[in-house]
């Protein structure tokens, strides 16, 4: 069945699948309802929103001369737009806000399955719905995001919607990504794909959305100047430094510093800071060059835009996470759709090695190793807790999936019969 036909069939069955949507949201809320007792990140968002509502600075700076472990504090660090959007409801009862936010997270989680179906060009089925919830509902990144009241699941939904709408509604797709990048600036790395693949309509829409929203923030009183002051403050720099050397970051820069410097809590393999900088910059550059080559090969092989869009998206997300300087545990929920639907595709195409890479990556990424239980933070513990190996294995699995599609396309070209010259002449 052609991909477009599968997508239309998938869309036509949405109405009959609504009971699964409602049951899914209810199930997620029931499983994670105890997270209402936590949600510390949501409290930081609301505190900043209340400050804006009261005409105060949402970026209060503590005593910068006082030695305090800042990563234990809940401080709003994002552009003021997000807090501004929350300010109209910041005065509501805290319990209502917490329930509403958790419900929004549950809807975002459930949306990932349906958006993934659109990406893969499949119709909903009860068995795949059950498998998705069985594998993802208690995934450690999902648990952490729900407990923290963070935005990672919402980010994952917007990123997946960006990919799912990329072909049919490129302008809307680009605007969605632009809105997200205005709130979470590191998302701008996702635009590399549109730039390299010359997808100018969504790229232009994203760029315009970012410029408009940042223009709005510039005009929104003194909020943006206060944000810039906060970014230059010693407080913000200490937060970033502690994120880099701390124990809750799976980014390449953190791994490099843990492996090759004595500036972290982990014992380094060797204390050669130059190696840390070479690893921090060299590894992402090498990965991006391989990704660019893969995208180009898919186009040269004549793979259809539907498959290129999906496989390109699957490969894009882990590459971005291996590039940006901050990858928290909950940020790994970005990979839920590529992980589940990439594994599904590897199963369908009978690619056992690729399926194994996805499975091992999911297993390592879900190991609940807590730093409080560790006597000595050696490299072996780092492998388990920081999930960097999980990211690398998942990136390798996405590469194998893409190159497997390229090889199949090349074989199909070789075995296809030559065109009839008489027919061509007519």
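The condition of being in contact with a helix residue (DSSP H, G or I) (Cβ under 9 Å, 6 or more places away or on another chain) and either free of Cβ contacts under 8 Å to residues at least 12 places away in the same chain or in a helix (DSSP H, G or I) (or both) holds for residue 230. Restricting to region 117-128, name every residue that is more than 21 Å from the chain's Cα centre (by Cα) and in a helix (DSSP H, G or I). The answer is 126, 127, 128. The set of residues in region 165-178 that are part of a helix (DSSP H, G or I) and buried (at least 18 other Cβ atoms within 10 Å of the Cβ) comprises 170, 173, 174, 175, 176, 177, 178.
Residue 330 meets each of the listed conditions (1) at pLDDT below 95; (2) over 17 Å from the mean Cα position of the chain (by Cα); (3) assigned to a helix (DSSP H, G or I) apart from (2).
Being under 18 Å from residue 309 (Cβ atoms) and surrounded by fewer than 19 Cβ atoms within 10 Å (Cβ to Cβ) is the filter here; which residues of region 395-405 pass it? Result: 403, 404. Note on region 208-234: residues that are surrounded by 19 or more Cβ atoms within 10 Å (Cβ to Cβ) and more than 21 Å from residue 50 (Cα to Cα) total 2.
Conditions tested, residue by residue: (1) outside any loop (DSSP other than H, G, I, E, B); (2) closer than 18 Å to residue 190 by Cα; (3) in contact (Cβ under 8 Å) with a residue 12 or more places away in the chain; (4) over 24 Å from the mean Cα position of the chain (by Cα).
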{"position": "238", "(1), (2), (3), (4)": "yes, no, yes, yes"}
{"position": "241", "(1), (2), (3), (4)": "yes, no, no, no"}
{"position": "249", "(1), (2), (3), (4)": "no, no, yes, no"}
{"position": "253", "(1), (2), (3), (4)": "yes, no, yes, no"}
{"position": "292", "(1), (2), (3), (4)": "yes, yes, yes, no"}
{"position": "336", "(1), (2), (3), (4)": "yes, yes, yes, no"}
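Residue-wise test of (1) surrounded by fewer than 23 Cβ atoms within 10 Å (Cβ to Cβ); (2) at pLDDT below 95.
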position	(1), (2)
274	yes, yes
277	yes, yes
283	yes, yes
290	yes, no
305	yes, yes
315	no, no
335	no, yes
351	yes, yes
367	yes, yes
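Give the residue, chosen from 113, 59, 78, 45, that is outside any helix (DSSP H, G or I) and either modelled with pLDDT of 90 or more or surrounded by fewer than 19 Cβ atoms within 10 Å (Cβ to Cβ) (or both). Unique residue meeting the criteria: 78.
Scanning region 183-207 for residues that are over 15 Å from the mean Cα position of the chain (by Cα), under 25 Å from residue 325 (Cα atoms) and part of a helix (DSSP H, G or I) returns 194, 195, 196, 203, 206, 207. Screening residue 150 with (1) surrounded by fewer than 16 Cβ atoms within 10 Å (Cβ to Cβ); (2) part of a loop (DSSP other than H, G, I, E, B) gives one miss only, at (1). Considering 320, 360, 392, the condition of being within 22 Å of the chain's Cα centre (by Cα), in a helix (DSSP H, G or I) and modelled with pLDDT of 95 or more is satisfied by 320 alone.
The values are calculated or read from the model by the stated rules, or taken from the named source; none is laboratory data. The shown structure was predicted, so the numbers you read here are calculated from the model rather than taken from an experiment. Cβ atoms come from the backbone with ideal geometry, glycine included; neighbour counts cover every protein chain shown.
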